[in-house]
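This report concerns only the one structure given below.
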Amino acid sequence: MKIGGAEDKDTLDSTAMLAETYRLEGRWGEAEQLFVQVMETRKTKLGADHPSTLTSMALLASTYRNQGRWEEAEQLFVQVIEMSKTKLGAEHPDTLTSMANLASTYSDQGRWEEAEQLDVQVMETRKTKLGADHPDTLTSMANLASTYSDQGRWEEAEQLEVQVIEMSKTKLGADHPDTLT
C-alpha cells in the first residue's frame, strides 16, 4: 500500500478532521494552523472554488468566529458564500450553512438587522426546499428566534420558539436532544 503524503486526499481529510476536533475542543491556534494548511493545499490542488476547499474555508472562518476575530470571520464567510452560490447554487445546503454562520457572526457583533436578514433568508429557503419540520429548518427558526430575543423582541422570539418546540416534539420526539435544548 502506497501512502500519498501530505497532499493526498485522505491525508488532507484526516488533517481537516483533526483541525475540527481541535476547534471543538477550543484549541484555536492548533485548529487554525491545520485549517490554513488544508485550505491552502486544497486551493492549489483542487482550486479555490472546489467544494472541499470551500468547506476548509468555512471551517477556518468558524475558527476565527470562535476566537472573536469577527472581521476575519466575516470576510472569509462572505468569500465562501459568494463562491458557493456560483459553484453550488444559492439554495445548496453548504451555501445556506455558511449564510447562517455569517448571520451568527453578525449577531455576535450586535449587527441585528444584518443577522435577521440572513436568518430569514436561510429559514425561508430551507422551509421551501426541505419542509417546515425538517431539522435544518427548525435550527434556522431557532436561530431567528435567538436574533429576535437579542433585539428584545420577546413576543416574536417566543412565538417562533414555541413553533420550534412543538414541531421538534412531533418530528423528533419529546426526548430528542434537539427538542430538549
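The values are calculated or read from the model by the stated rules, or taken from the named source; none is laboratory data. Bear in mind that the values here come from a model prediction, so they are computed numbers and not experimental data. Every residue, glycine among them, receives a Cβ derived from its backbone with ideal geometry; neighbour counts consider all protein chains shown.
Side notes on the structure shown:
- Out of E156, E74, E82, E116, sole residue that is at pLDDT 95 or above and under 13 Å from the mean Cα position of the chain (by Cα): E74
- Qualifying positions in the range 114-164 - acidic (D, E), over 27 Å from W70 (Cβ atoms) and in a helix (DSSP H, G or I): E155, E158
- Any hit, the range 171-180, residues being closer than 22 Å to T63 by Cβ and basic (K, R): no
- All told, S104 falls short of being under 14 Å from the mean Cα position of the chain (by Cα), surrounded by 17 or more Cβ atoms within 10 Å (Cβ to Cβ) and farther than 14 Å from E74 by Cβ.
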